[in-house]
Amino acid sequence: QARNDANLGSSGSRSSQVTSEAVNNDTRPSNKIQKQLPLKSNSGQVKRTRRQSAGSAMISKGIIEMTECVKQISQSSTSNVSTISTAMNTISRMVENEYLEKHSEFWCFATTVIGDATKREIFLSMEDDDSRAKWFVINMDIDEERMRKLWIAIAQGASNRVLGERFQRSGETISRAFHDVLNSISCRKSKGLAYDIIRPYDPTFTQVSAKITTDARYMPYFKDCIGCIDGTHIEACIPEALQMPYRGRKGIPTFNVLAACDFDMCFTFVSAGWEGSAHDTRVFLHAIESPAFKFPKLPEGKYYLADKGYPDRKGYLVPYPKTRYHKSQFENEPPKNERETFNRWHSSLRSCIERCFGVLKQRWKILRSMPQFSIETQIRIVVATFALHNYIRINSPEDPLFRVLEDYPNFIPSCELPDVRVTPQGQNCTESCTEMKIIRDKIVAALWKARNERRRLL
């Protein structure tokens with residue numbers, strides 16, 4: 001069975017995986033460069049011309065400076081070509097000296113633009129950090145329109161023709177801009193936004209999420225839980241001759257995407273590219289066992305919540321089988337015994353990943369109707385939407401889609417594709433882990449004891 005994966009963690013692998021570090025923008029020193037993500041485009045050719053005229057002096061100065069730097073580079077030996085590591089050290093120094101704010105949009109732009117060897121040399125050849133910061137401003141302004149094109153394309157599912165009419169650009173220009181920005185976010189060869197932002201915020205997993213510590217239903221029972229892991233199917237546009245492996249239980253061509261999230265509704269791991277017919281267990285085991293995926297290593301005693309479709313392995317806590325589990329099954333009748341009590345709260349806490357998937361698919365229309373791109377480009381689009389999901393979650397706390405989930409903790413957006421085919425029972429994994437069973441039994445005993453104590457007090 002052929003697989004068409006895109007690997008963002010290791011260029012030598014065929015699988016698609018990205019991990020990144022979450023972002024914290026609690027403080028913004030006044031002398032740092034700040035810029036809002038351009039969600040809306042300026043309408044009208046007049047406005048665009050006026051903006052270009054206002055910045056012409058700055059751009060002209062930048063072009064002259066860039067030209068001089070290029071001359072210096074062309075005269076230098078190829079053995080002196082600077083490495084990405086050197087450029088990243090320079091960017092880190094600019095953060096320390098407050099020319100850039102880490103994880104701001106300019107910082108993200110800076111870390112992607114240095115992937116280009118020529119631009120990297122231009123960046124490092126400048127006299128001081130102030131000049132470098134201004135150079136980022138110039139380049140960011142030029143790239144704003146390209147970013148808006150990608151944003152509109154994935155959020156609204158806009159076609160190349162629609163984007164061409166909106167921006168008054170040729171189809172070739174629109175296509176080139178779309179792919180340039182897409183590669184900047186999810187490029188295999190350089191560390192784009194996805195590589196940096198899709199990873200655990202606390203890589204040591206020493207902190208207990210406020211979602212758990214502030215809720216008596218989960219604390220202290222699930223204090224060692226670090227997040228949830230699950231899969232989702234995303235529509236794929238596959239040539240008819242290649243559709244067979246992509247048609248699974250959804251009845252249409254899909255990608256089977258595995259993801260992990262924390263309880264702040266940020267994705268910490270994504271594996272995209274598996275065909276829709278691939279079983280969840282196979283996708284899961286390949287992700288956590290393949291070194292190229294760099295799946296976040298779990299400290300001793302920590303675990304993810306997973307549903308009954310995943311194996312009972314160390315580090316992954318699954319519910320009791322053949323026992324009521326989903327919230328809808330408890331609407332008319334509360335839990336009757338210890339196992340049902342555990343399953344009820346396990347399901348409630350694990351719904352975080354389902355809510356993340358719901359917001360993702362509601363926001364990005366392109367995931368519900370994928371255009372006719374190459375399979376690799378479609379996978380990159382999927383990864384880019386996960387990265388932008390995290391970016392919005394971190395930088396826009398008042399985002400309306402996330403606000404709804406915070407105001408209604410039990411609401412789960414209904415965007416999952418319906419099953420039209422039942423998964424064969426023979427594919428269910430029967431692997432068992434004694435250690436996780438012991439952890440589950442301890443949680444069950446504590447939950448049931450607390451429940452009985454509350455009843456005695458009534």
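Summary table below
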read-out	value
Residue satisfying condition, being without any contact (Cβ under 8 Å) to a residue 24 or more places away in the chain and touching an Asp or Glu at 6+ places or on another chain (Cβ under 8 Å), within set 323, 268	323
Number of the exception - residue 338 against (1) within 32 Å of the chain's Cα centre (by Cα); (2) closer than 20 Å to residue 446 by Cα	(1)
Matching residues in the stretch 276-291 - criterion: being under 20 Å from residue 242 (Cα atoms) and of a type in the set (S, T, N, Q)	277
Qualifying residue in the stretch 365-373 (condition: assigned by TED's automatic domain parsing to the domain that holds residue 229, exposed (fewer than 15 other Cβ atoms within 10 Å of the Cβ), assigned to a loop (DSSP other than H, G, I, E, B) and more than 26 Å from the chain's Cα centre (by Cα))	no
Single condition residue 267 does not satisfy, out of (1) within 28 Å of residue 373 (Cβ to Cβ); (2) modelled with pLDDT of 95 or more; (3) in contact with a Leu (Cβ under 6 Å, 6 or more places away or on another chain)	(3)
Check on residue 442, surrounded by 11 or more Cβ atoms within 10 Å (Cβ to Cβ), in the same structural domain as residue 265 (by TED's automatic domain parsing), at pLDDT 90 or above and within 16 Å of residue 313 (Cα to Cα)	no
Complete set of residues in the stretch 182-233 that are over 23 Å from residue 314 (Cβ atoms), within 14 Å of the chain's Cα centre (by Cα) and modelled with pLDDT of 90 or more	198, 232
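Residue-by-condition table, conditions (1) within 17 Å of the chain's Cα centre (by Cα); (2) within 30 Å of residue 455 (Cβ to Cβ):
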{"site": "312", "(1), (2)": "no, no"}
{"site": "331", "(1), (2)": "no, yes"}
{"site": "342", "(1), (2)": "no, yes"}
{"site": "345", "(1), (2)": "no, yes"}
{"site": "353", "(1), (2)": "yes, no"}
{"site": "358", "(1), (2)": "yes, no"}
{"site": "363", "(1), (2)": "yes, no"}
{"site": "375", "(1), (2)": "no, no"}
{"site": "381", "(1), (2)": "yes, no"}
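Yes/no matrix, rows are residues, columns are (1) touching a Gly at 6+ places or on another chain (Cβ under 7 Å); (2) in contact (Cβ under 8 Å) with a residue 40 or more places away in the chain; (3) within 23 Å of residue 212 (Cα to Cα):
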position: 291; (1), (2), (3): no, no, no
position: 300; (1), (2), (3): no, no, yes
position: 316; (1), (2), (3): no, yes, yes
position: 330; (1), (2), (3): no, no, yes
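The values are calculated or read from the model by the stated rules, or taken from the named source; none is laboratory data. All figures in this text were calculated on a predicted structure; none of them were measured in a lab. When we count neighbours, we look across all protein chains shown, and the Cβ atoms used for this are built from the backbone with ideal geometry, even at glycine.
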